[in-house]
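The values are calculated or read from the model by the stated rules, or taken from the named source; none is laboratory data. Treat the numbers as computed from the prediction; the structure is a model and nothing was measured. Don't worry about glycine lacking a Cβ; one is built from the backbone with ideal geometry, like all the others, and counts go over all protein chains shown. Surface areas here come from the heavy atoms of the whole protein model, side chains and all, with no ligands, DNA or RNA. Shrake-Rupley method; radii C 1.70, N 1.55, O 1.52, S 1.80 Å.
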Amino acid sequence: MEFEKLRYTVKVSAEGKAAGPLDKLKGSTRDRDLLQDISGSVNPGSVLAILGPSGAGKTTLLNMLTLSKKGGVPQGHIRVHGAPFTLLKYNETAASVEQFDTLWASLTVRDHLEHAVRLYQPQLDAAARDAAVQDLMKSVGLEDQQDVKAGNEFMRGLSGGNKRRLSIAVALAKRPSVLFLDEPTSGVDSASAVMIMSFLKKIAQARAITIACTIHQPPASVFAGFDNCMVLSMGRVAYFGKAESMGEYFASVGNAPPPDTNIAEFVLDLVNTDFTPEAGVRTLLDQWAER
C-alpha cells in the first residue's frame with residue numbers, strides 16, 4: 001500500500017473551533033488542514049505503526065486510509081498493489097478493527113467466527129468452513145477459549161485482551177490483503193498488548209498482509225514488534241521509516257535519545273507541544289520535510 005501527499009481540510013470558525021451552521025451562514029469560516037502532505041508506504045508482510053500525541057492526526061490519517069467520510073475534504077492518492085484504492089477495492093481486499101470491540105455478548109468465540117466465515121467465504125462447504133474457523137482460532141491463540149462467550153459488563157466472558165484477539169480474528173475471516181487497526185492495544189494490559197502485536201506481526205508475515213495501525217504511547221516491548229513507524233505532529237510527518245532506525249535519525253538532527261530509554265516515549269515527548277516549545281516541534285517537522 002502506498003499513499004502520497006494526503007491532505008485533509010475542514011472548515012473551522014474564526015476562533016478555530018469546528019464550524020457550525022451559523023458560522024457557515026455568516027461566511028465567517030476558514031480552512032484548516034488536519035493533515036498536510038502525508039506520504040508513505042507499507043509492504044505486504046509488514047506492520048506500520050502510526051504514532052503521535054493527541055491531536056497529531058493519527059485518527060484522521062486512518063480514516064483517510066480506510067476511505068471513511070467524516071465531513072472534511074480529502075486530497076491525495078492511495079494505491080494498493082499499484083491500483084487506486086477505491087471503495088470497491090476496499091470491500092474486496094481490506095478489513096478494519098475499531099478501537100472498541102463490537103462483539104455479541106451471548107455468542108462464543110466459535111459462534112463469532114462461524115458467522116464471519118459464512119459471511120465472508122460463502123463458497124466453503126461445511127468441512128472447509130470448520131477448518132477455516134479452526135485456523136483462525138489457532139492464529140490468534142483462542143483455541144482454548146472457543147466455547148467462552150464474549151460477555152459484557154453484565155455477563156462474564158472473555159478478558160479484554162481476548163476480546164481484541166477475537167475482533168482481529170473476525171476481520172481476518174475476510175482474508176484481507178490490507179488490515180487497518182485503531183489502537184489495537186488500547187484498554188488491555190501490557191502482557192496482552194505484547195502478545196497482540198506479536199501475533200499481528202506473525203500473521204502479517206505468514207499471510208503476506210499489509211497492516212497499518214495507530215498506537216498511543218507504546219511500551220518498548222510493544223514498539224519492538226513494529227517494522228515501520230510514522231510519527232505525526234500537528235498534522236505533519238516528523239519521521240517515517242524503519243522503527244529500529246528512529247533513534248538514529250533523531251540523533252542525527254541533534255536529539256539523541258538517552259541510553260536505555262523507551263525510544264517511542266522519547267520521540268513522542270519531542271513532538272508534543274505540551275512538553276516541547278512549538279517552535280522546536282516545527283523545526284523537527286521542517287527537518288523531516290527538507291530531508
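Of the accessible area of the chain, with the probe set at 1.4 angstrom, what percent is carbon plus sulfur? Roughly 49 percent of what the probe reaches on the chain is carbon or sulfur. A Förster radius of 25 Å, combined with the Cβ-Cβ distance separating GLU2 from ARG207, puts the computed FRET efficiency at roughly 0.80.
Shape analysis of the range 202-280 places it in the prolate category; the axes a ≥ b ≥ c from the Cα gyration tensor give an a/c of at least 1.5, with a/b above b/c. Against the empirical 2.2 N^0.38 Å (N residues), the range 247-291 has a Cα radius of gyration ratio of 1.11. Using the alpha-carbon atoms, what tilt in degrees (0 to 90, nearest 10) does helix 109-120 show relative to the longest principal axis of the chain? In the chain, helix 109-120 runs at an angle near 80 degrees to the longest axis.
Size of the range 103-182: Rg and Dmax of its alpha carbons, in Å, are 12.2, 37.
With an a/c value of 1.5 or above and a/b larger than b/c for the gyration tensor axes a ≥ b ≥ c computed over the alpha-carbon atoms, the range 138-291 is described as prolate. For the range 50-158, the percent of C-alpha pairs falling in each 5 Å distance bin, counted from 0 to the bin holding the largest distance, reads 2, 9, 14, 16, 15, 14, 15, 10, 4, 1. Taking THR261, THR185, THR210 in turn, the Gaussian network model of the chain (Cα-Cα springs below 10 Å) assigns the largest fluctuation to THR261. Solvent-accessible surface of the chain, averaged per residue with a 1.4 angstrom probe and all protein chains in place: 51 square angstrom. Extents of the chain, largest first, come to 60, 55, 44 Å (Cα atoms, principal axes, whole angstrom). Tell me the angle of helix 126-139 to the major Cα principal axis of the chain, expressed in degrees between 0 and 90 and rounded to the nearest ten. Around 50 degrees separate the two axes. Between 0 and 90 degrees, the angle of helix 190-207 with respect to the longest Cα principal axis of the chain falls at about 80 degrees.
Annotation: aspartates and glutamates with alpha-carbon distance below 16 angstrom to LYS89 (same-chain offsets under eight excluded): GLU2. Note on the range 162-252: Cα convex hull, mean projected area over all directions, 6.4 nm².
Applying a threshold of 20 Å to the alpha-carbon distances of LYS5/LYS69; LYS138/LYS174; LYS11/LYS70; LYS69/LYS163 flags LYS69/LYS163 as lying beyond it.
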